[in-house]
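The values are calculated or read from the model by the stated rules, or taken from the named source; none is laboratory data. This one's a predicted model, so the numbers in the text were calculated from it and none came from an experiment. Please note that ligands, DNA and RNA were not included when accessible areas were found on the heavy atoms of the full protein model with its side chains. Shrake-Rupley method; radii C 1.70, N 1.55, O 1.52, S 1.80 Å.
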Amino acid sequence: MNTEAIVLLSSREVDKMRAAGQLAAQLLDHLAPMIKPGVSTLDLNDEAERWTQAHGAKSAPLGYHGFPKSICTSVNEVVCHGIPNAKQILRDGDIINVDVTPTVDGYHGDTSRTFFVGEPSAIARRLVEVTEQCLELAIAEVKPGARIGDIGAAIQDYAEAQGFSVVRDFVGHGVSRIFHTAPQVPHYGRRGRGKKLRPGMVFTIEPMINEGTWEVDVLEDGWTAVTKDRKLSAQFEHTLAVTEEGVEILTQHPELVVA
Ligand code: MF3
Ligand code: CO
Ligand code: CO
C-alpha cells in the first residue's frame, strides 16, 4: 500500500513551482522550431541541456534512477521515456513527444507536448489532437472537492469514445522538490473515486493515448516504453496547482502584460 502523504504546498512554494514551470514551458517553446526532418533526438537533448544551464537551471531527468540524458524524446510508437540518440533522425510524418523537467531552486517544472515532424498522417493528427483535448478536459475537472477519479474518468471517456486507448502503466504524480511523489494520478478511472482535491496540492496530468492497444512493452534499455502493437502513442503533460478558485497551470508562459 502507498502510505506516502499528499503534501500541501504554501503559496511561497507554489511561487517557486511557477518559476520552474514557466521555464519548462519556455524550454519547449525554444525547442519547437528545431523539430524538423533531419534533426536527431540527441540534437534536441543537447540544446535543451545547454539552454537549461544558460538559464541557471538543472535537468532533473539526467541521472534520475540512472536515466542517461536530459530530456525524454518519444517518437511514434514510443509511449514515454525515449532516450535521445544521435542515430535517431526525425523524418517527415513522425510524431515526437518532448518531455522536459528543469529544476529552479530545487523545484520541478514537468511538462511535455507532442509535435508533428513535417506533415502528419490523418490518424497521427487525430491522435495528437485528441490527446491534447484529453489533457484540457482533465484540467477542467481540477478544483477543491473534486476527486482524483474525476480526472481519469474525463480522459478515459473522451479517448475511448474517439476509438483510442489509455495507457495504464504510467500515471501523473505529485511534484515539488521531489520529482515523483503522492498522489498518483491515473488517466483512467471512475468519477467520485479516489482522494479529494484540496488547495495547495500540486501534481501532473500527463495522459498517454494510443492508436491501438493500451498495453506497453519496455525495451532492453530498461527505459523506452513502446506500444505492444507498435502503433502510435501521443502524450501531453502539465504541472498544476489546486487553488481556492480551481486550478492554476504552472507550466505555462506568463501572460503578456499589456501596458
Ligand atoms: N518527465 C517524466 C514524467 O513526466 C519523467 C521522466 S523520468 C526519466 O514524469 F528518468 F525518464 F527522465
Ligand atoms: Co514529464
Ligand atoms: Co511527469
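Worth a mention:
- Straight-line cross-link partners of residue 16 among the lysines, defined as a Cα under 16 Å from its Cα and at least 8 positions apart when in the same chain: 58.
- Dividing the Cα radius of gyration of the stretch 1-102 by its Kirkwood radius returns 1.04 for Rg/Rh.
- Within the chain, helices built from complete DSSP H runs that reach 18 Å or longer along their own axis (Cα positions) and carry a mean Kyte-Doolittle hydropathy of -0.5 or higher are 11-31, 122-139, 148-161.
- When the Cα atoms of the stretch 152-219 are aligned to their principal axes, the ranges along those axes come out at 36, 33, 14 Å in descending order.
- Residues whose placed amide H lies under 5 Å from that of residue 251, excluding near-sequence neighbours: 239
- Taking all protein chains into account, the per residue accessible area for the stretch 98-244 stands at 40 Å² (1.4 Å probe).
- Around the amide H of residue 215, modelled in the peptide plane, lie the amide H atoms of 228, all under 5 Å away and 5 or more residues distant in sequence or on another chain.
- Measuring nothing but protein heavy atoms, the accessible surface of the chain at 1.4 Å probe radius is 50 percent carbon and sulfur.
- Considering the stretch 130-259, its Cα convex hull presents a mean projected area of 9.6 nm².
- Here residue 36 is the anchor, and the lysines within straight C-alpha reach of less than 23 Å, apart from those fewer than 8 places off in the same chain, are 69, 87, 231.
- Percent of Cα pairs exceeding the 24 Å cut-off, where the set is the chain: 45
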